[in-house]
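A short write-up of the structure that comes next.
The values are calculated or read from the model by the stated rules, or taken from the named source; none is laboratory data. Because the structure is a prediction, the values reported are computed rather than measured. Neighbour counts run over all protein chains shown; Cβ positions are idealised from the backbone, glycine included. Keep in mind that these areas ignore ligands, DNA and RNA; they rest on the heavy atoms of the full protein, side chains included. Shrake-Rupley method; radii C 1.70, N 1.55, O 1.52, S 1.80 Å.
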Amino acid sequence: MSEVRMPIESGVPEMEPYLHPVLKNNYGQWAYHERPRPGVLHHVAKSGDSIWTVRAGTQRQMDVYTIRKLMDIADEFAEGYVRFTIRSNIEYMVSEESKVQPLIDKLESEGFPIGGTGPSVSMISHTQGWLHCDIPGTDASGAVKALMDDLYDEFTKEEMPNRVRITTSCCQINCGGQGDIAINIQHTKPPKIDHTQVANVCERPSVVARCPVAAIRPAMVNGKPSLEVDEKKCICCGACFPPCPPMQINDPEHSKFAIWVGGKNSNARSKPTFHKLVAAGVPNNPPRWPEVSTVVKQILSAYKEDAKDWERIGEWAERIGWPKFFEKTGLPFTKYHIDNWRGSRNNLNASAHIRF
Ligand code: SF4
Ligand code: SF4
């Protein structure tokens, strides 16, 4: 009797069995593609085969009932094949044009907007948040849902100068990544230490090694081994909190949002860029985060009005100059925008050893 092979529970599965047959038969053999309307792509293969893709927005973190609903739509209206984009949009593939409109009607009637293609604001890519991660300072998926509700029209229409990619991150580690607009948590006070717990929970050498500016030292507090933070050095990055939860840095008042602009991964037209800080100290205000929406809408409306066709937000800001960017968006330029930190030369923890 052959041994039963156990499933491998890491990594993505081989995609080929899940490809729509038209995609499988024409893999790598496409002649051209077009966008007949926002949210719909039409690919034509060299063989003459055609396939239409309908893209709908989702809230990314979905309950099982929503996923079943989306799969039922795939079976009934879309030949049973779907895929998710890296920004959590769902895409349905159909091989006949006559199936496109009924599929769109069904998705819209169930509350899923059609769009996110071409020069639109596509779905915001966000980090895991409270569902999977142990260090968030806010609810990334909630902030995204609230913001996309406000940007609904910019998702369903292609009216931006070029595509707009927004990201959010719920701590300063920023696993949401670079974006045309990035919305990140920003801690503004050093961690408060619960000395009664440190010895029980934290591996002190790992915590000391984790700090990028060497601000943490071992210390005896009330006769117990604990840690202390040199608050003059601390840059409030939050890196000590994951390995040592008693170093509490999340704070309802002092953990704010910071908004950054101009990040770009692609090297089309200009090289990839890091984003730059444009708004600091924005309140972390659940459940709708209205102050974040206001800043994002200010940036988008100035960009839409002033940028040339095909300019990404960062390219537009570089062309007009950052002083003009602040003028046109109406965002205040404050002392927080001046990068005056000179600490790295003396105390940046720049050793090559791996830290966990
Ligand atoms: S951004 Fe930070 S808190 Fe949020 S999921 Fe990533 S690592 Fe976790
Ligand atoms: S790891 Fe970051 S938050 Fe913690 S003490 Fe060091 S600089 Fe401050």
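Tabulated data for the structure shown
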quantity: Residue-span extension gain [SER109 to LYS24] - 0.36 nm each, minus C-alpha spacing; calculated: 27.5 nm
quantity: Low-density loop positions, chymotrypsin sites (Phe, Trp or Tyr not before Pro), segment 2-48 - DSSP coil, at most 16 other Cβ in 10 Å; calculated: TYR27
quantity: Whether segment 56-166 is rounded, prolate or oblate, judged on the alpha carbon gyration tensor where a/c under 1.5 counts as rounded; calculated: oblate
quantity: Potential lengthening between ASN267 and ILE338 on full extension [0.36 nm per residue; Cα-Cα distance subtracted]; calculated: 22.8 nm
quantity: Apportionment of accessible area to carbon and sulfur, the chain, percent (1.4 Å); calculated: 53 percent
quantity: Free-standing Cys, the chain [no other Cys Cβ under 4.7 Å]; calculated: CYS133, CYS170, CYS171, CYS175, CYS211, CYS234, CYS236, CYS237, CYS240
quantity: Relative packing of peptides 156-169, 47-60 - highest average C-beta neighbours within 10 Å first; calculated: 156-169, 47-60
quantity: Cα→Cβ-extended label distance, 7 Å offset, between GLU228 and GLU14, nm; calculated: 6.1 nm
quantity: Scaled radius of gyration (Cα, divided by 2.2 N^0.38 Å) that segment 233-326 gives; calculated: 1.35
quantity: Cα-based helix-to-principal-axis angle, 64-77 vs the chain, degrees rounded to 10; calculated: 20 degrees
quantity: Three-way shape call for segment 1-106 based on the alpha-carbon gyration tensor, with the a/c threshold at 1.5; calculated: oblate
quantity: Protection-proxy order for peptides 262-271, 233-242, 217-226, 79-88, each taking the mean of Cβ atoms within 10 Å per residue, highest first; calculated: 233-242, 79-88, 262-271, 217-226
quantity: Two-site FRET efficiency, HIS33 against ASP251, from Cβ-Cβ distance with R₀ of 41 Å, rounded to 0.05; calculated: 0.25
quantity: Residues with amide H under 5 Å from that of PHE257, placed H, sequence gap 5 or more; calculated: GLN186, GLY281, VAL282, ASN284
quantity: Å² of accessible area per residue within the chain, as computed with a 1.4 Å probe and no ligands counted; calculated: 55 Å²
quantity: Estimated inter-spin distance, SER47 and GLN197, nm [label 7 Å along Cα→Cβ]; calculated: 5.9 nm
quantity: Label-point separation, SER95 to ASP149 (7 Å along Cα→Cβ), nm; calculated: 4.1 nm
quantity: Accessible area (Å², 1.4 Å probe, nearest 10) - ASP194; calculated: 70 Å²
quantity: Translational diffusion of the chain, µm² s⁻¹ [Kirkwood Rh, Cα pairs; Stokes-Einstein; 4 °C; 1.567 mPa s]; calculated: 56 µm²/s
quantity: Distance from segment 249-283 to segment 115-137 (C-alpha centre basis), Å; calculated: 14 Å
quantity: Whichever lysines have a C-alpha closer than 25 Å to that of LYS233, once near sequence neighbours (fewer than 8 apart) are set aside; calculated: LYS189, LYS192, LYS224, LYS256, LYS276, LYS335
quantity: Angle between the chain longest axis and helix 140-150 axis [Cα atoms, degrees, rounded to 10]; calculated: 50 degrees
quantity: Crossing angle, helix 290-306 versus the chain [Cα axis fit, 0-90 degrees, rounded to tens]; calculated: 60 degrees
quantity: Pairs of lysine residues in segment 27-153 - Cα separation under 28 Å, sequence separation of 8 or more or cross-chain; calculated: 5
quantity: Qualifying trypsin sites (Lys or Arg not before Pro) for segment 1-53 [loop in DSSP, other Cβ within 10 Å: at most 15]; calculated: ARG5, LYS46
quantity: For the chain, share of DSSP beta bridges that run antiparallel, in % to the nearest 5; calculated: 85 percent
